[in-house]
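Asker: This structure is in structure tokens; I'll ask about it shortly.
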Amino acid sequence: MTDEDSARLVLPLLAPGQAQKELWHNEALALLDIAVQATVEEIGRDVPPAAPEPGRCWIVGAAPTGAWIGHAGSIAGWTAGGWRFVAPRVGLAARHVPSGHEAVHDGTRWRTGDLRGVRLLIDGQQVIGPRTPAITVPIGGSTIDAELRTCVGTILNSLRNHGLIEA
């Protein structure tokens, strides 16, 4: 990044009295078209596709070749003017088209499949919240119902396996 680039997406900025401003402006628009509500065809691809279509994007792998050399981890987008690259930043997100999963860059790598939040609401009703403390399996009592104990144990194990209560 330089003083001629924006801080987050490294978009080219216009300078006072600059000639051919439309070139810089168009470059910034091409990069925004890749970065904003990004969608990618593949995550971790090292070899550029042979015949990409304009508007298609890929997340470059760790060992890129060809035109992608030097852009590991970036979002590569094919445009009418050739390849454009958006370097990953913490929080940059892209939807993986084939799976529908969201990939989010954590500052080190792209992570997929993670959902983060404090609670899950469906139609305004909380259905999942923060993890609660462990619940012990009943072991005593004056009347023992083995079938009920098995059922309670199964429920508790299921809640533990889903991470809803501590083990």
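Asker: Using alpha carbon coordinates only, what is the Rg to Rh ratio of the stretch 120-161, with Rh defined as the Kirkwood radius?
Answerer: Values: Rg = 14.3 Å, Rh = 12.5 Å.
Rounded to two decimals, Rg over Rh is 1.14.
Asker: What is the sum of charges around Arg84, taking Lys and Arg as +1, Asp and Glu as -1, for the other residues whose C-beta is under 9 Å from the C-beta of Arg84?
Answerer: Residues near Arg84 contribute -2 overall.
Asker: What label, among (i) 15.2, 42; (ii) 15.6, 51; (iii) 24.8, 90, belongs to Rg and Dmax of the Cα atoms in Å computed from the structure on display?
Answerer: Checking each listed value against the structure points to (iii).
Asker: Under the rule that an exposed site lies in a DSSP loop and has at most 10 other Cβ atoms within 10 Å, name the longest stretch of the chain with no trypsin sites (Lys or Arg not before Pro) of that kind, not counting the sites themselves. Could you put the intermediate results ahead of the total?
Answerer: Details: sites that count: Arg116, Arg119.
That would be 1-115.
Asker: Of Trp58, Trp83, Trp110, which is the most mobile in a GNM of the chain whose springs link Cα atoms less than 10 angstrom apart?
Answerer: Most flexible of the set in this elastic network: Trp83.
Asker: At a threshold of 8 angstrom on Cα-Cα distance, excluding pairs fewer than six apart, so keeping six or more, what relative contact order does the stretch 8-167 reach in percent? Write down the numbers at each step before the final one.
Answerer: Values: 233 pairs, mean separation 21.8, N = 160.
Reported relative contact order: 14 percent.
Asker: Across the stretch 21-112, what fraction of all alpha-carbon pairs, as a whole percent, falls in each successive 10 Å bin from zero upward?
Answerer: The percentages, shortest bin first, are 18, 53, 27, 3.
Asker: Compute the angle between helix 146-161 and the longest alpha-carbon principal axis of the chain, please, reported from 0 to 90 degrees and rounded to the nearest 10.
Answerer: With rounding to tens, the tilt is 20 degrees.
Asker: What distance in nm separates the simple spin-label points at Gln18 and Ala62, each placed 7 Å from Cα in the Cβ direction?
Answerer: 3.7
No value in this document is a laboratory result; all are computed from the given coordinates. Treat the numbers as computed from the prediction; the structure is a model and nothing was measured. Please note: Cβ atoms are built from the backbone with ideal geometry, for glycine as well, and neighbour counts cover all protein chains shown.
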